[in-house]
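Everything on this sheet refers to the single structure shown next.
Nothing in this text is a laboratory measurement; each read-out follows from the coordinates by a stated rule. Bear in mind that the values here come from a model prediction, so they are computed numbers and not experimental data. No Cβ is skipped: glycine too gets one built from the backbone with ideal geometry, and neighbour counts run over all protein chains shown.
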Amino acid sequence: MAEEKKLVVNNEDGDEAEINLQMKTPAGEETPEEVPDTAAQIEKLQADLSAKDDRLLRLQADFENFRKRTVKEKSELAAVIEQAFLKDLLPLLDNLNRALDAANNTEAVDADALRKGIEMIKQETVAVMGKHGLEPIDTQGKMFDPNFHQAVGAVQDESKADGTIATELQRGYVARGRVIRPSMVQVVNNG
């Protein structure tokens, strides 16, 4: 008497396949005999599994190549941005060299002209930095904020409330919303 049973085979990836087995059960025996068709089904399933393993390895290699390409593109983009910034700074360097030459080559250095030249260079520097997203942190009359300020001292001043910034010792800067250098300040502490 032949009986048909289904056998489900799972691999490590969770894929499964059904195998139809024909079982012959002789009188008094419970052991199935393998049908020649079953061996072909097993070979087919092994070939499918091998193909899936190959496809998985190819996908992993593709992802690794994508990751490497992305890292390379990011570093190239950073280099282009850095070069553009440095190119914007070159006129400032040229003007500083001219100012230094003027101060060194003149017997009677005109302090007002030198001061005006340096002020122009400073304004140009602020403009270039602003073009690249740099903004000074405002401290005038502000309350101390540890996210933007670094307290390096405390002073007493009865005319101001505790926690108010009394003096800015070094200007701080924000670039595109991120603090790149906090302002160094003295804070009022009347207590």
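Miscellaneous remarks
- Eigen-decomposition of the gyration tensor built on the alpha-carbon atoms of segment 135-191 gives equivalent ellipsoid semi-axes of 22, 9, 8 angstrom, largest listed first.
- Summed residue charge, Cβ within 14 Å of Asn189's Cβ, Lys/Arg positive, Asp/Glu negative: -2
- Per residue, the convex hull spanned by the alpha carbons of segment 73-154 comes to 177 Å³.
- Using the average count of surrounding beta-carbon atoms within 10 Å as a protection proxy, the listed peptides 51-60, 91-100 rank, highest first, as 91-100, 51-60.
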